[in-house]
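Just below is one structure, and these are the notes that go with it.
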Amino acid sequence: MAHNEITHDVIIVGAGLAGTWAAMVAAREGVSDIGVLSKIHPLRSHSGAAQGGIAASLSNTRPVAGTGPRGPLEEVPPGAEASDSWELHMFDTIKGSDWLGDQDAIEVMVKDATEIVYEYEHMGCVFSRTDDGRINQRRFGGHSAPRACFAADWTGHVLLHTVHEQALRYDVKFYSEWYCMDLIMEEGICRGVVAMDVLTGELYTMRAKAVVFGTGGYGRAFAITSNAFANTGDGVAIAYNAGVPLMDMEFVQFHPTGLYRHGILMSEACRGEGGYLLNSQGDRFMNTYAPEKMELAPRDLVSRSEQTEINEGRGVMGDGQGIYLDLRHLGRDKILERLPQVREIAINFVGVDPIDAPVPIQPTAHYSMGGIPTTLDGQVLADADGALVEGFFAAGECACVSVHGANRLGTNSLLDASVFGRRTGYAVVDFIRNGAQLHPVSGDPAAENRARINDLLSRDGDENVEHIAQELKWTMTNNCGVFRDGERLQLALEEIKDLQKRFRHARTMDKGSRFNTDLLTTIEVDHLLQFSEVMVAGAIARTESRGAHSRTDFVKRDDENWLKHTMAHKPMVYEDEDAGPRLSYKGVDIDWEKYPPQERTY
Amino acid sequence: MFDFLSFGKTPEMIKKRKTAFVRVQRFNPDEDEKPYIQEFEVPMTPETTVLDALQYVKTELDGSLTFRKSCRHAICGSCAMNVNGSNDLVCHRNLPESLDKTGVVTIKPLPYLPVIKDLVVDRTSFWEQYKRVKPWLVPPEDAPEKEFRVSPEEVAAINSAETCIMCGACYSSCQVIAMGKDYIGPHALLKSFLRVMDPRDTIPGERLDISGGEDGAYRCHTIFNCIDACPKNLNPTEAIETLRKLAQRRIAFEEERAERQKTLTEAAD
């Protein structure tokens, strides 16, 4: 075996819910030679930051009769008619996606939902309970029934710890603080990855029969974001550079309640439990935009409503860029029981106790609807015609199945990551059992990546990597944000191109090999610059408004021309250096009898 | 050495301060013989956090300053460090409130753990102990079609233990850990408590053998450092106390658990 070569049957990159589910299931099923890489300790993964809940039509609670859409909830008594169904969950998700979600994938997700929530429960997840001991459920935006199963407001944390613990139970090997740098692809077959042991700086060629990406979202491309420092879309960029297309990258969800200026998530559960949004005049302005659903309209609509209030001068705080989230009427007890983490965050970061005062919030980049296109079993697609990349799988936020289409509903992300992480785990087991090969690797991929690192370390230009990143993020927030138009998107594209050029003169200050986070930041910023261009290119091309992609110069949804997924390929090497991604399009899976596109009002 | 930077400064001036003096312990075992303190001047607003300050230093002054970070809102557990002598998550720690009257804050790595580089410590022993207590639930084999029925009261009893983010602040404030790494430690004992108390768990006796054994609850000196250190306001000492008591009546507790599990699929009262 060559120096610095490691082999496994399966290598999984990313240890959030999707990656850990895949690993745990495969190990449980007897595929034991698995290595899971994570650039941070697995339990630090951003799945753990999800707060409000995971969707499943359990029918454990229902609205008290006659109290309206925002009244109190009660347990569904034994023997009573079910308050929810997978069909209802499916329709809500399709409508939420503005009909861009693939309906076959959505059906799989909502049908698997109840089973996977029960599986979590059987594995030890400490859910909040109804009085008779069932999993409690609360309301969430865009869902027409109380469907969010929750553990106070730290649901993601509890799910992540539960599935990680079970992975340890089945002896999954974790490479904690190992950074995946590259995908080894030859002749269209994925043969492994190149990864760095962050502690020593050593690079390894890691060969495998199957590689699974569960590398998370790309929300760090924005200045105001709920995403962790780690969410730099590495997997998405690495796949793109290896020739894999990216799908629907222009669709980024802006969550309506990011903490003012910080962007930190204030769970949608705040509104699910009854919280109000107020403008500077103290009005519940959602009355104007979604009179029926009010604050519990889907996130794209609520964020646009907030941004409109702000743009028209009815924002709060010194610069008028804020909106108030008012929880006071929920009362102290409910806030302490249901929203303890949110309260702690508000007190810690803006010095406001939601029990006593409204909390300033603003839209914040939150969720990446786009990503690496896959089949229902996590197999990565090579093109719009459905060809597969042998040996390469993806699940969770880095993937695009697509269940969320143009706009994800709250609580469907924990569900997506869990369901498709698990399905990918089973698919990988089948793939290995059906005789998957460890394909030979030509050349020395680790050495090639070492050369890339040496090049980055040797640059002594006067550009600061973080300054470039900051400029990119503000460009994206200002020009590719809640509202977009052709002119501003074009501006963003030019700035990205310029920043890509400046990046070549960026200097890494830390030149050492031991735990060099400065180097990792440099590589991450390189990734941000690469996929941001894809996002903007897709947004420029898509001359319509759909879900979270809202263009002020094309305000209507255009099903005739744009009811299709964007597929972006990296330009071939022989193409012009400035050539943007090659865009092609892929049809949406739609059941025209049952769920044809409709006007989307709330 | 005479402190030129703070000479003549009054508390009123501190309040109006626009910058902080951030003293950071540096150590790169590849280059340095021993750790040393380096001071940086960092601009601040009333909302600046200690993490913001470290990030500023890394971005603007010295990119080789090394620390862990991720979520920046106290849920991922990456950034536990020692600030002015006590352990905390630097992401939720306000900078102005952390300054002494001369405008100084001192940041060091978590104590009692080997330093990898600057503020990054080696948590190997921490995770080994976590794994040692078998943090996973071992549920009954015949799972129901739907959920096990667990009452809100039973959830309330273990709820806070479930919110532990495994940051290590308690572990590296513990005097018993300071003396030796064979002690299971407050973090893993809290996890063990969570599993032992869960009505769905089938191996509480086996767990009590470990967590109530000689490397477990009995080693705790009830100094309460872990409670003071916990950034999530949890109470490992109380959990350890419970484990100790349960270990004393292990057989009876196992019988109670077996009895409880007979009704685990029935509606709670």
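Where a number appears in this text, it was derived from the coordinates with a stated rule and is not lab data. A quick note: this is a predicted structure, and the numbers were derived from the prediction, not measured. Virtual Cβ from ideal backbone geometry, glycine too; neighbours counted across all protein chains shown.
So for region A:458-513, considering every pair of alpha-carbon atoms, how many percent are separated by more than 18 Å?
So the portion of pairs separated by more than 18 Å is 41 percent.
If both residues of a DSSP beta bridge must be in chain B, then about 80% of such bridges are antiparallel.
Based on the Cβ-Cβ distance from B:Ser86 to A:Glu593, what FRET efficiency comes out when R0 is 51 Å, to the nearest 0.05? Efficiency, rounded to the nearest 0.05: 0.20. Between A:Leu388 and B:Asp182, the simple spin-label model (points 7 angstrom out along Cα→Cβ) gives 5.2 nm. What angle do you read, to the nearest 10 degrees and between 0 and 90, between the alpha-carbon axis of helix A:299-311 and the longest principal axis of chain A? Value to nearest ten degrees: 80.
Partner chain Cβ atoms within 10 Å, averaged over the residues of B:148-158 - can you pull that number for me?
Details: counts 7, 6, 7, 5, 8, 3, 3, 8, 3, 0, 1.
Averaged over the peptide's residues, the number is 5.
In this simple spin-label approximation, B:Thr45 and A:Glu29 carry label points 7 Å from Cα along the Cα→Cβ vector, and these lie 5.0 nm apart.
3J(HN,Hα) along region B:57-62: 4, 5, 6, 9, 10, 8 Hz, from the Karplus curve 6.51 cos²θ - 1.76 cosθ + 1.60 with θ = phi - 60°, whole Hz, x for Gly and Pro. Counting Cβ atoms of other protein chains within 10 Å of each Cβ in A:38-44 and taking the mean gives 5. Computed on the Cα atoms alone, the convex hull of region B:90-197 gives a volume of 163 cubic angstrom per residue.
Only Cα sites of region B:5-121 enter the Debye sum here, all with the same form factor; the resulting log10 I(q)/I(0) across q = 0.12, 0.13, 0.15 1/Å is -0.40, -0.47, -0.63, listed in q order.
In terms of its alpha-carbon gyration tensor, the protein assembly as shown comes out rounded; the largest-to-smallest axis ratio a/c stays below the 1.5 threshold. Peptides A:287-293, A:48-54 ranked from most to least packed give A:48-54, A:287-293, packing being the mean of other C-beta atoms within 10 angstrom over each peptide's residues.
The modelled label-to-label distance between A:Asp319 and A:Lys564, using points 7 Å beyond Cα along the C-beta direction, is 4.0 nm. Starting from a Cα-only point model with no solvent, please compute log10 I(q)/I(0) by Debye for chain B at q = 0.08 1/Å. Debye intensities relative to I(0), on a log10 scale: -0.42. Could you grab the relative contact order for region A:264-398? Cα pairs under 8 Å, six or more apart, rounded to a whole percent. This gives 20 percent for region A:264-398. Over the residues of chain A, the helix contribution to mean residue ellipticity at 222 nm works out to -10500 deg cm²/dmol, using -39500 (n - 2.57) for each DSSP H run of at least 4.
Across peptide A:228-241, the average count of Cβ atoms from other chains found within 10 Å of a residue's Cβ is 2. Among beta bridges identified by DSSP and lying wholly in the protein assembly as shown, the antiparallel ones come to about 70 percent.
Over region A:244-339, all Cα pairs binned in 5 Å intervals from 0 give whole-percent P(r) values of 3, 13, 22, 24, 18, 10, 5, 3, 2, 1, 0, listed from short to long.
Could you sort A:238-248, B:37-47 so that the peptide with the highest average Cβ count within 10 Å comes first and the rest follow in order? Provide the component values of the computation, followed by the final result.
Values: A:238-248: 23.5, B:37-47: 14.3.
Result, highest mean Cβ count within 10 Å first: A:238-248, B:37-47.
For region B:124-268, the fraction of C-alpha pairs more than 25 angstrom apart is 26%.
Within a straight-line Cα-Cα reach of under 23 Å, A:Lys473 can be paired with the following lysines, leaving aside sequence neighbours fewer than 8 residues apart in one chain: A:Lys39, A:Lys497, A:Lys501, A:Lys570, B:Lys58, B:Lys69. Couplings 3J(HN,Hα) for region A:393-410, derived from phi with the Karplus relation 6.51 cos²θ - 1.76 cosθ + 1.60 (θ = phi - 60°), are 10, 8, 8, x, 5, 6, 9, 9, 7, 10, 8, 9, x, 8, 6, 8, 7, x Hz, where x marks Gly and Pro.
Most tightly packed first, judged by the mean number of other beta-carbon atoms within 10 Å of their residues, the peptides A:209-222, A:362-375 read A:209-222, A:362-375.
Couplings 3J(HN,Hα) of region A:259-269, computed from phi: 4, 3, 6, 8, x, 4, 5, 10, 3, 4, 4 Hz, in residue order, whole Hz [Karplus 6.51 cos²θ - 1.76 cosθ + 1.60, θ = phi - 60°; x for Gly and Pro]. Note on region A:423-479: the C-alpha convex hull projects to 8.2 nm² when averaged across all orientations.
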